[in-house]
Amino acid sequence: MFTWRKGIRPRAFRCFSIDPHRWLSCPLLVLIGLGLLGIAAGFDGNAFAASGADPARKSPVEMTALLRSLGDARTPSPGGVFPRTVSYPYTEWNMLAGTLKRTSKEVRLPQKPRRIIPHAVGVTEILWALAPHEHIAAVHQSCLNPEYSFVAGELAAVPNAYASEDAEVVIGLRPDLILTTYYSSEEFKNRLRLSSVPFVEIGFFGDLPSIEEQVESLGRIIGEEAAARRLVATMQANIAAIQEFARARSGGEKLRVLYYGMHGFVAGENSTFDSLCGLLGVVNIPAAEGVRFFKQIDYETLLTWDPDIIIVPENSGLEQELLEQKILQTAKAVRTGNIKSIPNVYLMASSQFAVASLNYLGGLLYGE
């Protein structure tokens, strides 16, 4: 959720910051959050063991239960009324101009989709929580990696996996619906158009309310509206619980924080990290300094901004790197040792699991 990943084509990730050297063709930025309401019967909590859940961590909400509730909102459904035409919000992001344009798209569905193939991690995580699992015909290979996906262990049960540009493989599986994203490759989408395979393109979403909107849209598209409502309610209830925890622990003081990623990229306005900071009531320094989306900064700028806490990716080596920089020895976060790390799976969250990212960040800032 905090960083871009380049190099592994279509993986759906949203991050606190952009790392242009790891751009995965399907990864971008978004937000993070947290939810923990109803836990579906039979859901295997062990699937999250490799996703960074730490029962000992003092998070605002107990993390394992939260991950379970976000991972399965399926609700018995009569299947909805089909055929149907669904209009859904679509936000275009012009990366070069740094602008967002909100429009809408429309899709005609002759029948309830029963062979669905998602083309990105975030969309797959939403689909897994809403749809009967037997309706998912295939997933992208990246979804099976617990570093990228919260449901990687569960997705091993899906019968087929495909690589980034395997349009022919995807078409050959005879899907009745493919879920792509605005960062899915144009070549892939053009092949789908030429073969007349129905697909829905999901636009940019950069904060928790827009993720909730995407959940509701996907629920209407696949005829699982009740499950979508349940998942959104889970998200909202846990966001409120996390915010209450943060308010109680803050004592009215506004922490000044900064996410610092590989190659010195920081996350400003319209990033997931900024959205999370707003929900927790802390100041995201780059956004306050006028940074939109992401920007590369030098050590002098970091020293001038002088954050109370610096957040870095786990296992990136950045914590030690910042601690050893002579120019930063007078920086508050360096002097106090307040450089904290977050596992990649939380940084990349671009689905309802952004709520878990919010929970993790809240624990870092206000946990014991």
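The values are calculated or read from the model by the stated rules, or taken from the named source; none is laboratory data. Every value quoted in this text rests on a predicted model; they were computed, and no experiment measured them. Cβ atoms come from the backbone with ideal geometry, glycine included; neighbour counts cover every protein chain shown. With ligands, DNA and RNA removed, areas are computed over all heavy atoms of the protein, side chains included. Shrake-Rupley method; radii C 1.70, N 1.55, O 1.52, S 1.80 Å.
Numerical summary
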{"item": "Between the range 76-150 and the range 310-326, the alpha-carbon center distance in angstrom", "result": "36"}
{"item": "As computed over the range 164-248, the Cα convex hull volume per residue (Å³)", "result": "109"}
{"item": "By accessible area with a 1.4 Å probe, ligands and nucleic acids excluded, highest first: order of Arg292, Arg108", "result": "Arg108, Arg292"}
{"item": "Average accessible surface area per residue within the range 132-202, 1.4 Å rolling probe, Å²", "result": "40"}
{"item": "Cα-derived Rg over Rh, computed across the range 118-160 with Rh taken as Kirkwood radius", "result": "0.89"}
{"item": "Solvent-accessible area per residue, Å², over the range 233-368 with all protein chains present [probe radius 1.4 Å]", "result": "38"}
{"item": "Simple Cβ-charge dipole of the range 141-264, Lys/Arg +1 and Asp/Glu -1, about Cα centre, in debye nearest 20", "result": "380"}
{"item": "Size of charge dipole - the range 232-282 - debye, nearest 20, with Cβ of Lys, Arg +1 and Asp, Glu -1, no other charges", "result": "140"}
{"item": "Probe 1.4 Å, accessible area per residue of the range 77-123, Å²", "result": "56"}
{"item": "Percent carbon-and-sulfur accessible area, the range 277-350, ignoring ligands, DNA and RNA, probe 1.4 Å", "result": "43"}
{"item": "Share of carbon and sulfur in the accessible heavy-atom surface of the range 151-212 [1.4 Å probe, %]", "result": "53"}
{"item": "Along principal axes, Cα extents of the range 171-301, largest first, whole Å", "result": "56, 38, 20"}
{"item": "Arg115 accessible area, assembled protein chains, probe 1.4 Å, Å²", "result": "80"}
{"item": "Kirkwood Rh and Cα Rg combined as Rg over Rh, evaluated for the range 232-321", "result": "1.00"}
